[in-house]
Amino acid sequence: MIDTKNLKLTVASSPHVCSPVNTRRLMLDVLIALLPALCMAVYVFGPRALTMTAVSVLGCEFFEWGYRKLLKKPSSNGDLSAAVTGVLLAFVCPVTLPYWTLLIGDFFAIVVVKQLFGGLGQNFMNPALGGRAFLMMCYPVPMTTWVLPGLENWAGVLSASDAVTGATPMASLHSHLDVASGLNVHSLPADSLTDLFVGTIGGCLGETSALLLLLGGVYLIWRGVIRFRIPVAYLGTVAVLCLLFPQGGIGRVDWMLYNLCGGGLMLGAFFMATDYVTSPVTKMGEIYFGIGCGLLTVFIRYFGGYPEGVSYAILIMNICVWLLDKAGKSARFGVTKEMKAKAKADKKAAKEG
């Protein structure tokens, strides 16, 4: 017989299902998935890529600890979410960016975008992309100084003054492309598509190797950290639009592959658009979200003054998540069309009466 007098009733908010998967484990999987791309960045850009990433991670962890300490809130450094933000923010910056500039971006990402809105789970936009957009607005020149790959990057501590700079593949496409006057791209190297896929190109730290980012994304899907709908819808939309509306004189398929492998598309599709907090939770909402990101990315790349549109596309769609979840919400089980029509009629009659 159960002794009901000694039983304790625990009252807590939902969810009530326990799971061994916690935030720390999810974030650790994301860091593991980003590790191959980080190794490629170090290989291409030299040791400064590693020190930049370390500085960014330490900066994000410090700002999160300091803010919560100042407001006398429990520490959240153990969940590794700040570390992921630090890595992602370093990945969307050029290797020559001064450390103090990167730390400003860390502060904006952690304190302004994340903590001021309530901390993890309350922010309305991706913190790393918010930090990047802020740095692009305040420091456009150092944020668009790109380094060419080469052994000279290992000679010492790289800075903008001694680096061998050059245009990124997306910047080259954009500079040679004038939709209004009908200019086409004819002078791209024959092996540049291979370089884009493998990663031996210039650009931000995390947009070099499409192959390694793709492998990292597949790892996250396999581990159940992210779902496949957003990346597939995002990349699929970009692929279809580039196939239907090619703007370069290099063939439809080649143009599509350049746009898929170039820039931060792979990084954004697998590691930023899939952020739990700033992406939809419904199945159809995820598909709408991915399609919207793809449409905006291609639109900005084709008609915008900036050659890359991934970060701004994801940030814009972050604001629309609530609407997408509402549009993608499935019907309640057992509710028929007749029942909906009757409920609507009763509501209208009650309002008129």
Open item on the list: Here is a check on your reading of the model: is Val113 out of contact with any Cys (no Cβ under 6 Å at 6 or more places or on another chain), of a type in the set (Val, Ile, Thr) and farther than 25 Å from Gly202 by Cα?
Closed with: yes
TODO: Tell me the helices (runs of 4 or more DSSP H) entirely within the range 190-249 that contain at least 2 residues that are touching a residue at least 60 places away in the same chain (Cβ under 8 Å) and of a type in the set (Gly, Ala, Ser).
DONE: 210-223
Open item on the list: For the condition modelled with pLDDT of 90 or more, among the aliphatic types (A, V, I, L, M) and out of contact with any helix residue (DSSP H, G or I) (no Cβ under 7 Å at 6 or more places or on another chain), what is the one hit in Leu80, Leu58?
Closed with: Leu58
- [ ] With the condition kept exactly as written, say whether any residue in the range 141-161 is part of a helix (DSSP H, G or I), modelled with pLDDT under 70 and crowded, with 20+ Cβ neighbours inside 10 Å.
- [x] yes
Task: Unique residue being within 18 Å of the chain's Cα centre (by Cα) and either at pLDDT 85 or above or open to solvent by less than 50 Å² (accessible area, probe 1.4 Å) (or both) when the list is Val218, Val185 - done: Val218
- [ ] Considering each residue of the range 233-260, count those that are within 21 Å of Ile287 (Cα to Cα) and not β-branched (Val, Ile, Thr), and give that number.
- [x] 12
Task: Output for the range 317-326, where each listed residue is open to solvent by 70 Å² or more (accessible area, probe 1.4 Å) and either farther than 26 Å from Met143 by Cβ or without any contact (Cβ under 8 Å) to a residue 40 or more places away in the chain (or both) - done: Trp322, Leu323, Lys326
- [ ] Give the number of residues within the range 259-284 that are closer than 19 Å to Met143 by Cα, part of a helix (DSSP H, G or I) and either open to solvent by 10 Å² or more (accessible area, probe 1.4 Å) or hydroxyl-bearing (Ser, Thr, Tyr) (or both).
- [x] 0
Task: Flag if Val253 is touching a residue at least 24 places away in the same chain (Cβ under 8 Å) and not charged (D, E, K, R) - done: no
Open item on the list: Name the single residue that is surrounded by the most Cβ atoms within 10 Å (Cβ to Cβ) among those in the range 57-104 being touching a Lys or Arg at 6+ places or on another chain (Cβ under 7 Å) and assigned to a helix (DSSP H, G or I).
Closed with: Leu89
Task: Matching residues, the range 127-138, being farther than 10 Å from Val92 by Cβ and buried (at least 23 other Cβ atoms within 10 Å of the Cβ) - done: Pro127, Gly130
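Check Ile300, Ile314, Ile287 and return the single one that is in a helix (DSSP H, G or I), touching a residue at least 24 places away in the same chain (Cβ under 8 Å), closer than 19 Å to Tyr234 by Cβ and open to solvent by 10 Å² or more (accessible area, probe 1.4 Å).
Ile287 is the lone residue from the list that is in a helix (DSSP H, G or I), touching a residue at least 24 places away in the same chain (Cβ under 8 Å), closer than 19 Å to Tyr234 by Cβ and open to solvent by 10 Å² or more (accessible area, probe 1.4 Å).
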Task: Boolean, Ala33 is surrounded by 23 or more Cβ atoms within 10 Å (Cβ to Cβ), of a type in the set (Gly, Ala, Ser), assigned to a helix (DSSP H, G or I) and out of contact with any His (no Cβ under 7 Å at 6 or more places or on another chain) - done: yes
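The values are calculated or read from the model by the stated rules, or taken from the named source; none is laboratory data. If you're wondering where the values come from, they're calculated on a predicted model, not measured in any experiment. Note that each Cβ is placed from the backbone with ideal geometry, even for glycine, and that neighbours are counted across all protein chains shown. These accessible areas exclude ligands, DNA and RNA; they are computed on the full protein's heavy atoms, side chains included. Shrake-Rupley method; radii C 1.70, N 1.55, O 1.52, S 1.80 Å.
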